[in-house]
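Novice: The structure follows.
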Amino acid sequence: MRSLSKTPSIVSATAMTALLAALALPGAAMAIELSDSGPSYGDKVSLVHNDFGKDVIVRSDMSIDELRKLRDTVNEQSRQIEELKRSNGSSSSASNREIDDLKKTVKEQDRDLDSLRRQVEDLKRSSGSTSSSSSSELSSLKQKLSDQDRAVDQLKRTVEELSRKVK
């Protein structure tokens, strides 16, 4: 039998402990041999099984190659999850900036609308003594006010929609 220090690193500590315990038992008939060579494609993983109070080594249905594929799959999925976390975090902060910018635009347009309303009210008060050109100015201002009102309403809906999506 070879030295245990030359055992490949694939052999788990549990399996090694079970092997040593089995070898230490007097009269135990074992047909296990330790080797310096690494695992080959298709080698099966050995497990320690408790058979009515007695630990025995059994061969599982899982091969070393399947374990490697499983490990690689888990690593790839972990990488993808981390990538998604990073990309979602950056897109969320970008959306928050866009929403803040839209809110500022809406406030500015509200101020502009208030100013236009005051101008329209001033024109209405003075319209009794003005000519027909004032009437056309008034119509023009009313049209601008109506257009900007619609634009502000649309922006408010967009901001609310984006706010719901970010949450």
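The values are calculated or read from the model by the stated rules, or taken from the named source; none is laboratory data. Quick caveat, the model's predicted, so the values are computed rather than measured. Here the Cβ is made from the backbone with ideal geometry for all residues, glycine too, and neighbour counts use every protein chain on show.
Novice: What pairs can you find where one residue is in segment 140-167 and outside any helix (DSSP H, G or I), the other is surrounded by 14 or more Cβ atoms within 10 Å (Cβ to Cβ), and their Cβ atoms are less than 7 Å apart, with a gap of 6+ or different chains?
Specialist: Pairs that qualify, where the first residue is outside any helix (DSSP H, G or I) and the partner is surrounded by 14 or more Cβ atoms within 10 Å (Cβ to Cβ): there are none.
Novice: Now for a separate question. Can you say whether Ser87 is modelled with pLDDT under 85 and touching a strand residue (DSSP E or B) at 6+ places or on another chain (Cβ under 9 Å), as far as the supplied structure shows?
Specialist: Spelling it out, it is not the case that Ser87 is modelled with pLDDT under 85 and touching a strand residue (DSSP E or B) at 6+ places or on another chain (Cβ under 9 Å).
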